[in-house]
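Have a look at the structure below before the remarks.
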Amino acid sequence: MTYDQLIADVAKRTGLHTEVVRRVLFHLPDSLIQMDVGDVVRTPLGVFRMTQTEQRKILLPDQESIANVPSKTTVKLRSGSRLKLED
């Protein structure tokens, strides 16, 4: 399935115009990144959670050099039952 096919299918199922569906999907990440660390949003897709990793050091492949991995803030999705296929 292509992105355009996904947009068309969602538009058909909801009765909304394809441009409305496209704009909602485009702006969903903008809304999610406004969450504070630890915030959780439950949706039919699953649970979106804002997390922050700690800064850490890693050993590079040369087995001598060390690099710092900065902390980062990320939205994670734990998919819900509607996204899981039954075998």
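Assorted remarks:
- G38 vs. criteria out of contact with any Ser or Thr (no Cβ under 9 Å at 6 or more places or on another chain), of a type outside the set (A, V, I, L, M, F, W, C) and either loosely packed, with under 10 Cβ neighbours inside 10 Å or at pLDDT 95 or above (or both): no
- Matching residues, the range 34-58, being under 29 Å from L85 (Cβ atoms) and not in a loop (DSSP other than H, G, I, E, B): V40, V41, R42, T43, G46, V47, F48, R49, M50, T51
- Qualifying residue in the range 15-33 (condition: out of contact with any Ser or Thr (no Cβ under 6 Å at 6 or more places or on another chain), under 12 Å from T73 (Cα atoms) and in a loop (DSSP other than H, G, I, E, B)): yes
- Residue within the range 20-27 that is exposed (fewer than 10 other Cβ atoms within 10 Å of the Cβ) and under 16 Å from the mean Cα position of the chain (by Cα) present: yes
- Residue check: E64 meets all listed conditions (1) more than 18 Å from the chain's Cα centre (by Cα); (2) modelled with pLDDT of 95 or more; (3) acidic (D, E) but one, namely (2).
- Qualifying positions in the range 1-41 - small (G, A, S) and touching a strand residue (DSSP E or B) at 6+ places or on another chain (Cβ under 8 Å): G38
- Residues within the range 59-87 that are surrounded by 10 or more Cβ atoms within 10 Å (Cβ to Cβ), part of a strand (DSSP E or B), among the aliphatic types (A, V, I, L, M) and without any contact (Cβ under 8 Å) to a residue 40 or more places away in the chain, tallied: 3
The values are calculated or read from the model by the stated rules, or taken from the named source; none is laboratory data. Here the structure is a predicted model, which is why all the values come from computation and not from measurement. Glycine also receives a Cβ, built like all others from the backbone with ideal geometry; neighbour counts cover every protein chain displayed.
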